[in-house]
Amino acid sequence: AAKAVVSNASPRKTVELAGADNFDRWYLKLMHETLRPAPFIAIHAASDEPLVDCDSLVFVPGRHLSCMNTPTIVCPELAPPGKHLLMAGGTPLSSLPPYDVKADKERIIAELKAEIPDFDKRAELLLVSYFRGEAPGYHSWPGLDMPQKTSVVDLYNVGDGVKPAGWIGLPACARSAEVVVEDIKRRLKR
């Protein structure tokens, strides 16, 4: 009865939820040949002072550790009073399985410690997460995305598996949603 259905579960999960037999063969083939989930390693650490002393994302060139930030500079409520949270992330040696989870985590932690002077004295490592498989860091590599419209009439996908060219991460998710909303509004006006 819905005029449109928008899924943010990922293209693969949307097909699973709606039933693969409801999709055209070309769409399923495209999905299996195109989507390449990208793994991501996330690190959370606590400290008494900001370990990255700026209120934005810091990119780390030339390493597998790709970015760091201290969100508690802008949002102190994310940590107990007098504490700061460091969030950092990076990629494994390869985005293709099989993954060496232990070695990849150790490499990212070593790179983080190389970037933050006296890390072991100044910080407490809280969590190291390795996103991959059915819960990847990104649902597809840049340039290898599905369209927002599925082969099922009025069923759309949004998120980083259907991102417009040139977009990545959370901004890509938001932009894909804007594209879908614009299409639905245009279609419903007819």
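The values are calculated or read from the model by the stated rules, or taken from the named source; none is laboratory data. These figures come from a predicted structure and were not determined experimentally. Using ideal geometry, Cβ is built from the backbone for each residue, glycine included, and neighbour counts are taken over all protein chains shown. SASA here: full protein model, heavy atoms, side chains in, ligands and nucleic acids out. Shrake-Rupley method; radii C 1.70, N 1.55, O 1.52, S 1.80 Å.
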Report task. Identify the residue in region 61-82 that is β-branched (Val, Ile, Thr) and assigned to a helix (DSSP H, G or I) and, among all such residues, is farthest from residue 44 (Cα to Cα). Result -> 73
Report summary line: With the first residue restricted to region 59-72 and required to be more than 19 Å from residue 94 (Cα to Cα), and the second required to be open to solvent by 40 Å² or more (accessible area, probe 1.4 Å) and assigned to a loop (DSSP other than H, G, I, E, B), Cβ contacts under 7 Å at 6 or more apart or on different chains are 69/56; 69/57
Query - Near pairs, Cβ below 7 angstrom, 6+ apart or cross-chain, from region 82-95 (closer than 23 Å to residue 50 by Cα) to any residue that is β-branched (Val, Ile, Thr) and part of a strand (DSSP E or B) - result: 88/43; 89/41; 89/43; 90/41
Query raised in the report: Going through region 83-129 one residue at a time, which ones are in a loop (DSSP other than H, G, I, E, B) and touching a strand residue (DSSP E or B) at 6+ places or on another chain (Cβ under 9 Å)?
Result: 83, 91, 92, 95, 97, 99, 116
Query raised in the report: In the list 55, 21, which residue meets the criterion of being open to solvent by 90 Å² or more (accessible area, probe 1.4 Å), of a type outside the set (A, V, I, L, M) and assigned to a loop (DSSP other than H, G, I, E, B)?
Result: 55
Requested in this report: Starting from residues that are surrounded by fewer than 16 Cβ atoms within 10 Å (Cβ to Cβ) and small (Gly, Ala, Ser), keep the ones in region 152-190 and report whichever is nearest to residue 1 (Cα to Cα).
Outcome: 174
